[in-house]
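Student: Quick one: the structure is below, questions incoming.
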Amino acid sequence: MTSALSQLLGNYFFKSFASIKLIEQIITGLFYVRDVNLTQLALVVQGAGNDNSRYRKLQRFFSGFSFCYTALAKLLVAFAKIESEKWLLALDRTNWKFGKLDINILVLSICHNGIAIPIMWDMLPKTGASNSGERQKLIGRFLQVFGVEKISALLGDREFIGDDWLKFLADRNIPFYIRIKQNLTIGRSENELVTANPLVKKLQNNEYKVLRDLRRGKLHNNIMLRAKVIAHLRSLMAKNGFTEFQTPILTASSPEGARDFLVPSRLHPGKFYALPQAPQQFKQLLMVSGFDKYFQIAPCFRDEDARADRSPGEFYQLDIEMSFVTQEDIFNVIEPIMYEIFSKFSDKKISSIPFTRIPYDDAILKYGTDKPDLRNPIIITDVTELFKDTDFTIFKENIQNGSVIKAIPAPKASNLPRSFFDKMLDFANLEGAKGLGYIQFLEDGSSKGPIVKFLTNSQLLDLKTRANLQDGDAVFFASDQIEVATKFAGKLRTKLGEALGLLTKDSF
């Protein structure tokens, strides 16, 4: 063992044979002592002479002692026979008492066979936690010697956090884990101490982004705004004679528009509760039992994908129910409340009440959707009858097969470059449309476009009249079965409104 250790030391330290032998004896002696000091080491270090002479020998050695810490790190890796290609590193801070001196050390170790083997360390100039710069310095030394490719992940205590530190790791693509130590907690049900299992929780480089965002002004203000809106809603509903209820959260599954979230029952194995997608059945029970005006800031749980107009999983809504009322009664309650909320908590322009009311058929015909954005002035027109008598074969055949033709105006777009029209064609392809014809009515009264040659002058004038087009406008055409054409025309209307900057900003 001695010769093997001497040979190993000689590979990493260019020292005299006597120095190597002494280092070997010190390492061997450390296996036999609990307190590391020169007196204890002198008792166990082998060699000629008495304890005092060995003590003085150690003093002389350490007075001129100077290690190459790079070589020492390589030696420790070799000594531990760590053969894996990537290493799980552990970063720790430990405090030693050396007489009356407190020694605060930042240690970087390799986790191998359940043991953390120290390979690099720094003595901190102060007590307490390390700072980001000190941690970066130690990791930087490791990277210089071994390279980032040797790191599978870095494990550390929860004191090792901070923006600069996490950014340093993220820039070098070093995964970071937080060590959660064994802890004791009180069990609520049986009122006894329960030992928590040791956990290792992966800390993504943006893990603390939630906490940082909560401290920032914008998100903080949004949370406060939400609280104020809900408080004001409760006040308005109470003034209108409504009673607030809290309906059950654990309930039975019922037919709704999405999948249920299920909660297993402890008392009835194999049975499940469902979280309510809406309090529909509960509020109807309240109505038939004699409560005439119900409202709730209701949590709704729906297992569905996120969309632009809804949140995934969970959201809250103002839910109301009234007995023995007409549609007009509902409008008379809801419209003033919506106007009050938006005017009180927003600086945007609000439409006056009563709000515009659009029959469903008109909304589908003019806007291609039952929830149109009325800030967009574009109105869709059905021009199927006009194209029945044109020479444009594609549209004529489509009409004979039951398709319709929808005209979607693009105000002041006739002089836009070809790239604008190409982008609209690309949009149509992405939406699965079979094609997208268009005509440009120029300022000088002429017209151009892929299908102009198939229409007579009188038909072009008729088209301008039907679709309310002016010189300088362009118009796009959607041709398909009525449901498909209507849906695509609505999407193209929205796309054109955004692309042409037609939406009235800062208004509802």
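The values are calculated or read from the model by the stated rules, or taken from the named source; none is laboratory data. The structure presented is a predicted model; accordingly, all values stated were derived computationally and were not measured. Methodologically, a virtual Cβ is constructed for each residue, glycine included, from the backbone with ideal geometry; neighbour enumeration extends over all protein chains shown.
Student: If we keep just the residues of the range 79-131 that are assigned to a loop (DSSP other than H, G, I, E, B) and polar (S, T, N, Q), which is modelled with the highest pLDDT?
Tutor: If we take residues in the range 79-131 being assigned to a loop (DSSP other than H, G, I, E, B) and polar (S, T, N, Q), then Asn131 is modelled with the highest pLDDT.
Student: A further question follows. Take Thr504 and decide whether it is assigned to a helix (DSSP H, G or I) and surrounded by fewer than 15 Cβ atoms within 10 Å (Cβ to Cβ).
Tutor: no
Student: Further question: Do we find that Gln280 is in the same structural domain as Ile334 (by the TED database), of a type outside the set (D, E, K, R) and at pLDDT below 90 in this structure?
Tutor: yes
Residue by residue, here is whether (1) under 16 Å from Ala478 (Cα atoms); (2) modelled with pLDDT of 90 or more; (3) out of contact with any Asp or Glu (no Cβ under 9 Å at 6 or more places or on another chain) holds:
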| residue | (1), (2), (3) |
| --- | --- |
| Asp389 | no, no, yes |
| Lys396 | yes, no, no |
| Ser403 | yes, yes, no |
| Ala407 | yes, yes, no |
| Ala410 | yes, yes, no |
| Leu425 | yes, yes, yes |
| Gly435 | yes, no, yes |
| Tyr438 | yes, yes, yes |
| Phe441 | no, yes, no |
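Student: Taking the range 281-304 as the region of interest, how many residues are surrounded by 14 or more Cβ atoms within 10 Å (Cβ to Cβ), of a type outside the set (Asp, Glu), without any contact (Cβ under 8 Å) to a residue 40 or more places away in the chain and within 17 Å of Phe242 (Cβ to Cβ)?
Tutor: 3
For every residue, the table says whether it meets (1) outside the structural domain of His232 (by the TED database); (2) part of a helix (DSSP H, G or I).
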| position | (1), (2) |
| --- | --- |
| Phe315 | no, no |
| Ile320 | no, no |
| Val325 | no, no |
| Asp329 | no, yes |
| Met338 | no, yes |
| Ile341 | no, yes |
| Ser351 | yes, no |
